[in-house]
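Presented below is the structure to which this report refers.
The values are calculated or read from the model by the stated rules, or taken from the named source; none is laboratory data. Please read all numbers here as calculations on a predicted model, not as lab measurements. Positions of Cβ are backbone-derived with ideal geometry, glycine not excepted, and every protein chain shown enters the neighbour counts.
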C-alpha cells in the first residue's frame with residue numbers, strides 16, 4: 001500500500017509517496033535522486049549506506065522509510081553545505097579514501113561518533129568504525145583523519 | 001581466446017606464451033601494446049598508443065589542460081599520477097590539468113587498467129606526447145614573440161622571453177582550444193632530475209568529489225524513464241535452466257523481459273524490481289556433485305593439465321646428491337574473492353543504433369567490443385564510459401553486467417540500469433584461483449640450498465621461479481588464472497586478482513625458505529641474504545630490517561617476527577611483521593608491518609604509500625580469513641557475514657619505505673607488497689608459536705589445529 005511519508009532531509013522538508021516497507025536507501029537514491037549514499041551489501045553489513053537519522057548513524061538499506069517519518073535525515077549531500085565539514089576536510093588532507101565508494105558512509109559514521117564523543121582516542125575511533133568496510137585499505141588514514149577532525153591531533157577542540 | 005573477456009594482464013608472459021594465449025585470432029591492439037612495451041628503449045615512443053599528441057591533451061583558451069587516457073580511476077590514483085606526468089612535461093601547474101579517463105569516445109585506446117601498468121606503459125606515451133606538445137608550443141611562441149624557441153622559458157603555461165621582459169604568451173592564447181596541427185619527431189622528454197611535479201606527492205584529483213558524495217559511479221546515473229533490472233540467476237555454476245513462471249511478477253507491476261538466456265524483471269525503482277524478482281518461480285537442474293572447498297585441492301591435482309617447465313638450471317639429480325637432507329612440503333590456498341565495495345554496475349541507453357554504457361569496468365575498450373557484439377552494432381556505435389569505479393583489484397576486468405544492461409536497454413527501448421547485488425557479485429566473481437604448490441628442496445651440510453624442485457597447480461607461473469641462488473632448480477606450472485584450463489578444473493571462471501599468481505607463489509616460496517632456515521638453524525633474514533645476489537632485493541630487505549629493528553635469531557624465537565620478500569613485474573618488496581597468536585582462540589593479531597618497495601621512480605610518493613598501505617590491509621584478508629566456501633558449484637558466501645574482509649581492528653601499525661631508484665623507469669606500485677602478506681604472517685606465526693601453517697587463509701580453526709598437533 002502506498003502512503004505519504006514526510007521528514008526533514010538535509011534541512012529541508014520532504015514528502016514522498018512510497019510503498020510500505022521500502023528501505024530508506026532506495027527512496028533516497030531512486031525517488032529523491034541523492035546518489036551519494038551507496039549500496040554495498042543490502043543487509044547492513046558494510047556501512048556504505050550509512051546516513052544520519054536524528055543524530056544517529058543508521059544503515060539506510062535496513063531502515064524502512066516509514067521509520068523516519070517526522071525525523072531529521074542527513075545524507076552526505078547535507079554535510080558541509082556551506083563549505084567542507086571538518087571531517088571532509090580531514091579526509092581530503094589525509095587522502096583517507098581510495099575508490100571512494102565507502103567514503104560517504106565512513107564520513108557520516110564518523111560524524112555520529114564525534115557528536116557523541118567529541119575527543120575520541122584512536123582506539124575508540126577504530127571501535128566505532130569497525131563495521132564500516134573499506135576494501136582499498138584506507139583504514140589507518142581514516143582513523144587519522146577522524147582524529148584530526150576531532151581536534152585530537154592539535155590537542156584541543158575546534 | 002580473446003583477451004577482452006578475461007581481461008588478463010599480460011606481463012610476466014613471454015612472447016611465446018602471449019601468442020599461445022592469443023591463439024589464431026590474435027587481437028592486434030592487445031599484442032602490439034605490450035610487446036612494444038617490452039622493448040628496452042621505451043622513450044619517447046608511443047608504441048601501441050596513438051602517435052597524434054592531440055589524442056592525449058587539449059588546451060583551452062583559458063590555459064586549462066585536459067588530459068585524456070583510456071585508463072580508469074579505480075581508487076589507485078590514476079587521475080592524479082597521470083595529471084602529474086602531463087603537467088611535468090608541459091610545464092603547466094598540476095592544478096591546471098583536468099583529466100578525462102575511461103571514455104572510449106574521447107580517450108585513446110587502452111587495453112585496460114590492471115597489472116600496475118598505468119605508469120609503466122601509458123606513462124611513457126603520455127610523457128612523449130607532453131614533451132612534443134611543449135616543443136611545438138615553444139616553436140609557436142617563438143614565432144609570436146620573435147625569439148628563438150630555445151631561449152624561451154615557460155612556467156605555468158606562460159611563455160616568456162628573458163631578453164624582452166614583460167612580453168609573454170600563454171599556451172591558451174597559442175592554441176585557442178584547437179587541435180595542435182604541427183608535428184615534431186624525436187623530441188626528448190624531460191630528464192627526471194629536472195622534475196618538480198612528478199616525483200613529489202600530489203593532492204588527489206578525486207578528493208572533493210569523493211568526500212562530498214558528488215563522485216558518480218556507474219549505478220549513480222539516471223535518465224528519464226530508466227528501468228532497474230534484476231535477473232534470474234542459477235543456484236549453482238553448471239546448473240541448467242528448466243523453466244520459469246513470471247506471471248506473478250508481471251501482476252505486481254514489473255516488466256518481464258525474456259530473451260535468450262536472459263530473464264529480467266524491470267521496474268522504475270530498484271528495490272521494487274528486486275521484490276518482483278522474488279515472485280519469479282524459476283526451476284533449474286543442479287549439476288552433479290563435483291567438489292567443495294575442502295576437496296578442491298585433490299581435485300586440482302587430478303584435473304590439472306600436464307606440468308609445463310617455467311625455468312630450470314643445473315641438474316636436479318646433482319642437487320639430490322649434494323643435499324645432506326631434503327624437505328618436501330605442500331602449500332595450499334583457497335579461492336579468494338575480489339569483493340570490491342561497489343558491485344558490478346552499469347547504466348545503458350540504446351538509441352538510434354547507438355549504445356552508451358556507463359560501466360564499472362577496468363577495461364572500457366574491450367567492453368566496447370563485447371557490447372557491440374552482443375547488440376550487433378559496429379564498435380564505433382558503442383560508447384563505454386567508465387566513471388569512478390568503486391574498486392577493481394582485477395575483478396572488474398570481467399563482468400557481464402554491462403552487456404546485460406545494454407541488451408535490456410535495446411529490448412525495452414528504455415535506459416536500463418543493472419547493479420549486481422552482493423550475492424551476484426560473489427557468484428559471478430572471477431576468483432583468484434585455488435592452488436596447490438609442492439616444493440622439494442635440499443640443504444647441504446653447510447646449510448646452503450642445493451636443490452629446489454617447484455610445482456604450482458592452478459595459480460599460474462608468474463614469479464614462480466625463484467630468484468635465490470640455488471644451483472640445481474626446476475620450476476613447473478600447470479593451469480592458471482589466465483583461463484585455458486581444462487573444463488571443470490576450477491569452480492568457475494578465475495581471473496586476475498591483485499598480483500595474479502604471485503600471491504600464491506610468494507606464499508609458498510617464502511614459507512619454504514623459512515622452513516629451510518629453521519632446519520639450517522639460521523636466522524630467516526640472514527638465510528635469505530646468504531642465497532641472494534640481487535642487489536635491489538637485498539636493498540629492500542635491508543631497509544625493512546633496519547626500520548623494523550630486526551634482531552637475528554633462529555626461529556621460533558617466541559617474538560612473533562616474520563620476513564618475506566618477492567618480485568612483482570620488476571618491482572620488489574620486502575615486508576616484516578610482528579604478530580601475536582592467542583593460544584586459546586587461535587586468533588592472530590598482526591601488530592606491526594614494515595614494508596619496503598623499489599618501484600623505480602615513484603611519480604607520486606604519497607600515492608605509492610596509499611597503495612602499499614592498501615596492499616598490506618587487503619593482504620591481511622587472504623592471509624587470515626578470506627576463502628570462498630562452495631559446494632557442487634554453489635557459492636555459499638553471499639555477503640560479508642560469512643566472507644570476512646579486513647576491518648579497522650585488524651590494522652597493524654604500518655610503516656612504509658620507498659627505496660628511491662630515480663635512475664630506473666617507474667614500474668608501478670599498485671601491487672608489490674600484497675604478494676608478501678601470506679608468507680610474512682605465516683612466518684611470524686611460526687616465530688611466535690612454533691607452528692607452520694601451509695594453508696591460506698590461516699583461520700583461528702587452522703591455527704588451533706596446528707597448535708594441537710604441536
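Yes or no, residue by residue, for (1) away from every other protein chain (no Cβ under 13 Å); (2) touching a strand residue (DSSP E or B) at 6+ places or on another chain (Cβ under 9 Å); (3) buried (at least 23 other Cβ atoms within 10 Å of the Cβ); (4) under 26 Å from residue B:78 (Cα atoms):
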| residue | (1), (2), (3), (4) |
| --- | --- |
| B:595 | no, yes, yes, yes |
| B:602 | yes, yes, yes, yes |
| B:653 | no, yes, no, no |
| B:660 | yes, yes, no, yes |
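Looking across the stretch B:250-272, the residues that are within 14 Å of chain A (Cβ to nearest Cβ) and touching a residue at least 60 places away in the same chain (Cβ under 8 Å) come down to B:266, B:270.
Taking only the stretch A:80-101 into account, find how many residues are part of a loop (DSSP other than H, G, I, E, B), more than 7 Å from chain B (Cβ to nearest Cβ) and crowded, with 24+ Cβ neighbours inside 10 Å. Final tally of qualifying residues: 1. Taking the listed residues B:591, B:554, B:584, the one that is in a loop (DSSP other than H, G, I, E, B) and either within 14 Å of another protein chain (Cβ to nearest Cβ) or without any contact (Cβ under 8 Å) to a residue 12 or more places away in the chain (or both) is B:584, with no other qualifying. Among the residues of the stretch B:191-213, those identified as assigned to a loop (DSSP other than H, G, I, E, B) and within 7 Å of chain A (Cβ to nearest Cβ) are B:204, B:206, B:213. Scanning the stretch B:476-502 for residues that are surrounded by fewer than 23 Cβ atoms within 10 Å (Cβ to Cβ) and in a strand (DSSP E or B) yields one hit, B:476. Inspect all residues belonging to the stretch B:38-54 and state whether any of them is modelled with pLDDT of 95 or more, touching a strand residue (DSSP E or B) at 6+ places or on another chain (Cβ under 6 Å) and in the same structural domain as residue B:185 (by TED's automatic domain parsing). Within the stretch B:38-54 (the criterion being modelled with pLDDT of 95 or more, touching a strand residue (DSSP E or B) at 6+ places or on another chain (Cβ under 6 Å) and in the same structural domain as residue B:185 (by TED's automatic domain parsing)), the answer is no, since none of the residues qualifies. All of (1) over 26 Å from residue B:130 (Cα atoms); (2) in a loop (DSSP other than H, G, I, E, B); (3) within 14 Å of chain A (Cβ to nearest Cβ); (4) touching a helix residue (DSSP H, G or I) at 6+ places or on another chain (Cβ under 8 Å) hold for residue B:223 with one exception: (4). Taking the stretch B:59-91 as the range and being over 22 Å from residue A:99 (Cβ atoms) and in contact with a helix residue (DSSP H, G or I) (Cβ under 7 Å, 6 or more places away or on another chain) as the test, the residues that pass are B:59, B:60, B:61, B:62, B:63, B:64, B:65, B:86, B:87, B:89, B:90, B:91. Does the stretch A:102-116 contain at least one residue that is within 7 Å of chain B (Cβ to nearest Cβ), part of a loop (DSSP other than H, G, I, E, B) and within 18 Å of residue B:203 (Cα to Cα)? No, there is no match, as no residue in the stretch A:102-116 is within 7 Å of chain B (Cβ to nearest Cβ), part of a loop (DSSP other than H, G, I, E, B) and within 18 Å of residue B:203 (Cα to Cα). Restrict the check to the stretch B:416-423 and report whether at least one residue is away from chain A (no Cβ under 14 Å) and within 22 Å of the chain's Cα centre (by Cα). No. Of the listed requirements (1) within 14 Å of chain A (Cβ to nearest Cβ); (2) surrounded by fewer than 24 Cβ atoms within 10 Å (Cβ to Cβ); (3) farther than 23 Å from residue B:433 by Cα; (4) within 21 Å of the chain's Cα centre (by Cα), residue B:643 misses just one: (3). You will find that of B:386, B:405, B:378, the residue that is on the phi < 0 side of the Ramachandran plot, away from chain A (no Cβ under 14 Å) and within 26 Å of the chain's Cα centre (by Cα) is B:405 and no other. For the stretch B:424-459, the tally of residues that are more than 21 Å from the chain's Cα centre (by Cα) and assigned to a loop (DSSP other than H, G, I, E, B) stands at 5. For the residues A:33, A:40, A:47, the requirement of being free of Cβ contacts under 8 Å to residues at least 40 places away in the same chain and either within 9 Å of chain B (Cβ to nearest Cβ) or buried (at least 23 other Cβ atoms within 10 Å of the Cβ) (or both) singles out A:33. Tell me, please, whether a residue that is more than 32 Å from the chain's Cα centre (by Cα), under 30 Å from residue B:351 (Cβ atoms), within 11 Å of another protein chain (Cβ to nearest Cβ) and in contact (Cβ under 8 Å) with a residue 12 or more places away in the chain can be found in the stretch B:242-249. Checked the stretch B:242-249: no residue is more than 32 Å from the chain's Cα centre (by Cα), under 30 Å from residue B:351 (Cβ atoms), within 11 Å of another protein chain (Cβ to nearest Cβ) and in contact (Cβ under 8 Å) with a residue 12 or more places away in the chain.
For the stretch B:366-381, does any single residue satisfy the condition of being closer than 30 Å to residue B:295 by Cβ and in contact with a strand residue (DSSP E or B) (Cβ under 7 Å, 6 or more places away or on another chain)? Checking the stretch B:366-381: not a single residue is closer than 30 Å to residue B:295 by Cβ and in contact with a strand residue (DSSP E or B) (Cβ under 7 Å, 6 or more places away or on another chain). Only one of the numbered conditions (1) part of a loop (DSSP other than H, G, I, E, B); (2) under 22 Å from residue A:149 (Cβ atoms) is not met by residue A:41, and that is (2).
Considered as a group, the residues in the stretch A:20-30 that are more than 12 Å from the chain's Cα centre (by Cα) and free of Cβ contacts under 8 Å to residues at least 40 places away in the same chain include one that is surrounded by the fewest Cβ atoms within 10 Å (Cβ to Cβ), and that residue is A:30. Being in contact with a helix residue (DSSP H, G or I) (Cβ under 8 Å, 6 or more places away or on another chain), within 12 Å of chain B (Cβ to nearest Cβ) and assigned to a loop (DSSP other than H, G, I, E, B) is the filter here, so list the residues in the stretch A:117-151 that pass it. Within the stretch A:117-151, A:130, A:132, A:134, A:135, A:136, A:137, A:138 meet the criteria. Of all the residues in the stretch B:375-401, those that are over 16 Å from residue B:430 (Cα atoms) and in contact (Cβ under 8 Å) with a residue 60 or more places away in the chain number 9. Being part of a loop (DSSP other than H, G, I, E, B) and surrounded by fewer than 21 Cβ atoms within 10 Å (Cβ to Cβ) narrows it down to one residue among B:664, B:698; which is it? Result: B:664 is the single residue among B:664, B:698 that is part of a loop (DSSP other than H, G, I, E, B) and surrounded by fewer than 21 Cβ atoms within 10 Å (Cβ to Cβ). When residue B:660 is tested against (1) without any contact (Cβ under 8 Å) to a residue 60 or more places away in the chain; (2) under 30 Å from residue B:125 (Cβ atoms); (3) touching a helix residue (DSSP H, G or I) at 6+ places or on another chain (Cβ under 8 Å), only condition (3) is not met.
Just for the stretch A:58-74: of the residues that are touching a residue at least 40 places away in the same chain (Cβ under 8 Å), crowded, with 21+ Cβ neighbours inside 10 Å and more than 12 Å from chain B (Cβ to nearest Cβ), which one is nearest to residue A:16 (Cα to Cα)? Filtering the stretch A:58-74 for residues that are touching a residue at least 40 places away in the same chain (Cβ under 8 Å), crowded, with 21+ Cβ neighbours inside 10 Å and more than 12 Å from chain B (Cβ to nearest Cβ), the one nearest to residue A:16 (Cα to Cα) comes out as A:68. In a residue-by-residue description of the stretch B:540-549, the property of being more than 14 Å from chain A (Cβ to nearest Cβ), surrounded by fewer than 18 Cβ atoms within 10 Å (Cβ to Cβ), in contact (Cβ under 8 Å) with a residue 40 or more places away in the chain and in a loop (DSSP other than H, G, I, E, B) applies to no position. Screening residue A:77 against (1) in contact (Cβ under 8 Å) with a residue 40 or more places away in the chain; (2) more than 11 Å from chain B (Cβ to nearest Cβ); (3) surrounded by fewer than 24 Cβ atoms within 10 Å (Cβ to Cβ) leaves a single unmet condition, (2).
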